[in-house]
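Structure, as structure tokens:
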There are 2 protein chains.
Amino acid sequence: MDRRIREHAETLVDWSARIESGEDVVLSVAEGAHDLAVAVAEALGERGANVVTTYASEEISRAYLHAHEDDFETPEHELALYEHADSVLFLGGGRNTFATADVDGEIRQAAARAKQPIKEARMGTDWVSTVHPTRSLAQQAGMSYEAYQDFVYDAILRDWESLAEEMAQLKEILDDGSEVRLVSERTDLRMSIEGRIAVNSAASVAYDSHNLPSGEVFTAPAETEGEVVFDVPMTISGARVRDVWLRFEGGEVADFSAEAGEETLADLLDTDEGARRLGELGIGMNRGIDRVTDNILFDEKMGDTVHLALGRAYDACLPEGEVGNDSAVHVDLITDVSENSRLEIDGETVQRDGRFRWEDGFESGDR
Amino acid sequence: MDRRIREHAETLVDWSARIESGEDVVLSVAEGAHDLAVAVAEALGERGANVVTTYASEEISRAYLHAHEDDFETPEHELALYEHADSVLFLGGGRNTFATADVDGEIRQAAARAKQPIKEARMGTDWVSTVHPTRSLAQQAGMSYEAYQDFVYDAILRDWESLAEEMAQLKEILDDGSEVRLVSERTDLRMSIEGRIAVNSAASVAYDSHNLPSGEVFTAPAETEGEVVFDVPMTISGARVRDVWLRFEGGEVADFSAEAGEETLADLLDTDEGARRLGELGIGMNRGIDRVTDNILFDEKMGDTVHLALGRAYDACLPEGEVGNDSAVHVDLITDVSENSRLEIDGETVQRDGRFRWEDGFESGDR
């Protein structure tokens with residue numbers, strides 16, 4: 001077994017999920033994640049945890065959903081499983097990113113509605129999502145299998161403790177700040193973050209962070225004004241979207257365009273009222289991720305990028321009693337900030353051309 | 001998809017497990033059983049059942065058991081899952097029949113003891129075990145993959161309704177009978193079946209039968225006297241065993257030999273007191289199974305064979321209040337009855353040279 005698979009498993013079990021002896025763990029294994037599951041089972045055995053292994057096969061889901069009529073119930077046995085679980089480890093990594101492409105959207109949504117109590121029970125556990133590098137994901141990323149494996153492990157096998165400490169500095173600045181300004185060649189955007197709480201997403205349940213890899217600090221902005229261009233290409237609802245431009249007035253998208261996928265963008269903005277407002281400002285700080293791979297788990301954490309999400313805000317960013325932006329969607333759009341750009345908080349430059357102010361090579365540019 | 005995979009799935013869901021709309025089903029999928037699982041999921045979707053898919057990977061079990069110390073607990077979440085399940089469908093078919101060969105026996109037993117309540121909860125459901133033909137099982141059978149697939153589907157895709165009716169005739173004779181005598185070239189064995197209940201094992205929970213394929217009628221004998229030779233080769237505890245000869249006196253094995261595996265046989269007989277007595281007399285009636293494949297799920301149901309098991313008797317064969325033979329083991333030994341042999345019940349020949357008395361070509365041989 002590749003030594004890195006074992007390291008991935010140990011990072012997941014110890015750093016991310018903090019599994020302890022006697023815990024009841026559900027291990028969810030995608031079709032292509034068998035090898036990682038073997039390594040995770042070994043780590044869980046060593047820690048003395050109890051394990052139920054579920055098979056998250058998209059081909060099985062597709063066959064079931066195709067055949068089922070639209071009268072789904074909440075499966076009581078599945079609910080009982082998750083209500084009695086302490087942790088859920090999702091090992092992603094399929095064999096075909098389009099495995100469920102021909103499942104009717106309404107059937108999919110009806111099934112998801114019936115499973116909502118199960119989703120809530122799962123979200124009530126110490127859950128973590130990660131991904132095993134598969135040929136299918138390499139293909140999606142436009143990479144060879146070998147190169148993709150290197151990419152994934154560079155993203156996952158970080159010194160998370162030290163990254164968490166670095167990200168804590170940015171969290172503190174955001175927590176104390178009132179206004180964020182993002183400036184680059186075609187971007188000049190202002191957002192209020194007054195009273196909002198930033199999440200130091202350090203790939204561990206101990207930091208309210210449920211993705212491995214992670215490596216971003218995010219908060220919930222409001223009252224957005226100005227223009228922004230997202231130059232990192234994305235796939236949204238199956239369509240390629242490139243060079244999205246948005247102009248905000250009074251917190252809402254007042255005008256927009258895109259080099260590719262403009263119709264998809266228009267549909268997205270029309271979803272509901274909240275889809276025209278921002279739900280998230282995230283700052284990618286994982287420099288192990290150095291390229292776009294068309295997988296949001298990785299893309300949004302890429303070092304030297306900033307992402308803004310249209311739609312729903314995360315509760316973790318809102319002080320008690322405050323209601324954030326609400327929407328059925330949450331779609332991240334990403335912009336490269338490694339050159340000709342700066343991030344200001346209350347008029348002070350915190351990041352310029354990808355360098356944070358606590359890093360060597362940072363130039364504040366203040367006159 | 002091979003049409004036969006879909007037929008297998010439909011036989012499992014409709015004939016064997018009798019799944020109905022709204023039932024909570026656990027679908028347990030071995031490493032090599034993915035394709036059958038897709039077909040079963042489709043059938044379950046059509047019936048409107050609810051499904052949790054678990055991954056029964058022997059490589060994952062091995063890794064977990066290897067790493068775990070001997071202090072297993074009963075996983076509460078797993079228990080909750082099966083206590084809320086109506087049916088469990090076990091889709092066997094691994095990728096290596098020796099996948100767990102290097103797991104310590106004591107660790108395996110300690111884990112099994114901790115999981116006993118889960119096993120009981122599973123056995124309390126409408127459970128069915130079947131197998132998807134894999135290359136590993138073809139190899140164990142000494143067959144090509146293509147030929148093994150034909151073999152498996154010949155065994156599984158039967159007219160079960162008509163076989164159940166045929167087997168009902170033998171059940172009636174056994175239920176009414178007092179003494180069974182098995183005679184062939186080197187065999188002359190008498191057993192009491194007075195008051196015992198035969199099971200018409202027709203591969204359906206409706207017949208108290210939990211294997212697909214099945215196709216045997218079995219009961220619990222007592223007071224065995226005489227000699228018997230088992231000429232069908234077997235693997236017992238990993239050892240090849242051939243031409244076992246047993247002599248019974250007063251219901252117990254008084255002498256024994258084997259052409260191969262005699263030590264394994266001796267160890268088996270020494271397990272406990274019940275291991276020297278018979279727990280089962282079974283009559284194989286599935287003529288779709290026409291060869292030995294070193295897999296007891298198939299071998300013991302082979303048409304024109306009789307098997308006797310050393311060890312534990314099944315409760316289903318015992319009238320209320322009666323205690324059958326008890327033992328930690330239940331090991332089937334099989335003998336070919338297609339030539340020079342007869343099965344008598346209370347002095348009347350019921351089967352001669354593989355023909356039952358209700359079949360064409362049957363010669364009673366009564367003088």
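Structure notes:
- Considering only B:293, B:271, B:11, the Gaussian network model of chain B with Cα springs below 10 Å gives its largest mean-square fluctuation to B:271.
- Once the Cβ-Cβ distance of residue A:243 and residue A:7 is raised to the sixth power relative to R0 = 30 Å, the FRET efficiency obtained is 0.20.
- The C-alpha atoms of chain A define a longest principal axis, and helix A:160-176 lies at about 50 degrees to it.
- Spin-label model, residue B:353/residue B:190: points 7 Å from Cα along the beta carbon direction are separated by 2.6 nm.
- GNM top mover of B:164, B:101, B:43 - chain B, alpha-carbon springs below 10 Å: B:101
- Computed Kirkwood radius, in angstrom, where 1/r is averaged over Cα pairs of the protein assembly as shown: 29.2 Å
- By the helix-only formula, in which each DSSP H run with n ≥ 4 contributes -39500 (n - 2.57) and the sum is divided by residues, the protein assembly as shown has a 222 nm mean residue ellipticity of -8500 deg cm²/dmol.
- Working note: Cα gyration tensor of the range A:303-354, eigenvalues times five, square-rooted, sorted largest first, giving semi-axes of 26, 16, 7 Å.
- ³J(HN,Hα), Karplus 6.51/-1.76/1.60, whole Hz, each residue of the range B:7-23, x for Gly, Pro: 5, 4, 4, 5, 4, 4, 6, 8, 6, 6, 8, 6, 5, 10, 3, x, 6
- Within the range B:86-124: backbone nitrogen closer than 17 Å to the residue B:70 label point (7 Å, Cα to C-beta): B:102-115
- Net +/- balance of residues flanking residue B:233 in space, Cβ distance below 13 Å, scoring K and R +1, D and E -1: -4
- Distance from the alpha carbon centroid of the range B:245-284 to that of the range B:64-93 works out to 33 angstrom.
- Put simply, the convex hull of the Cα atoms in the range B:272-333 casts, on average, a shadow of 4.6 nm².
- Interatomic Cα distance distribution for chain B, bins of 20 angstrom, percent: 27, 60, 13, 0
- Distant-in-sequence amide H partners of residue A:51 (H built 1.01 Å from N, under 5 Å): A:25
- The string of couplings for the range B:238-244 from the Karplus curve (6.51, -1.76, 1.60, θ = phi - 60°) is x, 9, 6, 10, 9, 6, 6 Hz, one whole number per residue in order, with x for Gly and Pro.
- Cβ-derived FRET efficiency at R0 56 Å, residue B:339 paired with residue B:98, nearest 0.05: 0.95
- The C-alpha radius of gyration of the range B:240-367, expressed as a fraction of 2.2 N^0.38 Å, stands at 1.14.
- Residue with peak Gaussian network fluctuation, chain B [Cα springs, cutoff 10 Å], from B:347, B:94, B:274: B:347
- Computed with the Debye formula from one identical point scatterer per Cα of the range B:172-269, without solvent, the log10 of I(q)/I(0) at q = 0.10, 0.14, 0.21, 0.25 Å⁻¹ comes to -0.35, -0.68, -1.13, -1.15.
- ³J(HN,Hα) computed for each position of the range B:222-231 - Karplus, 6.51 cos²θ - 1.76 cosθ + 1.60, integer Hz, glycine/proline x: 8, 6, 6, 9, x, 10, 8, 10, 10, 9
- Residue B:260 long-range amide H proximity, modeled H, under 5 Å: B:242
- The range A:77-158 - percent relative contact order, Cα under 8 Å, separation 6 or more: 43 percent
- Diagonalising the gyration tensor over the Cα atoms of the range A:23-115 and scaling each eigenvalue by 5 before taking the square root yields semi-axes of 27, 18, 8 Å, largest first.
- Rounded to 5, percent antiparallel among DSSP beta bridges of chain A: 75 percent
- Among A:64, A:145, A:314, the ranking by other beta carbons within 10 Å of each residue's beta carbon, starting with the fewest, stands as A:145, A:314, A:64.
- Each listed q (0.15, 0.24 Å⁻¹) maps to a log10 I(q)/I(0) for the range A:77-153, found by the Debye formula over equal Cα scatterers with no solvent: -0.74, -1.02.
- Evaluated over the Cα positions of the range B:82-234, the convex hull gives a direction-averaged projected area, one quarter of its surface, of 12.4 nm².
- Backbone amide hydrogens, once placed in the peptide plane, bring residue A:57 within less than 5 Å of nothing, excluding anything fewer than 5 places away on its chain.
- When the Cα positions of A:114, A:132, A:50 are compared along the charge dipole of chain A, A:132 comes out farthest toward the positive end, with charges on each C-beta of Lys, Arg, Asp and Glu.
- Centre separation in Å (Cα based) which lies between the range B:39-61 and the range B:151-212: 30 Å
- Simple point charges give the picture: +1 on the Cβ of Lys and Arg, -1 on the Cβ of Asp and Glu, and for the protein assembly as shown a dipole about the Cα centre of about 1140 debye.
- Computed over neighbours whose Cβ is under 13 Å from that of residue A:110, the net charge equals -3, Lys and Arg +1, Asp and Glu -1.
- Normalised contact order of chain A, rounded percent, pairs of Cα under 8 Å and 6 or more residues apart: 13 percent
- Relative to the dominant Cα principal axis of chain B, helix B:34-47 is inclined by about 80°.
- Available extension along the chain between residue B:172 and residue B:266 is 30.3 nm, counting 0.36 nm per residue and deducting the alpha carbon span.
- FRET E, pair residue B:112, residue B:208, Förster distance 30 Å, beta-carbon r, rounded to 0.05: 0.80
We did not get these values from a lab; they are worked out from the coordinates using the rules stated. Nothing here was measured: the structure is a model prediction, and the numbers come from that model. Methodologically, a virtual Cβ is constructed for each residue, glycine included, from the backbone with ideal geometry; neighbour enumeration extends over all protein chains shown.
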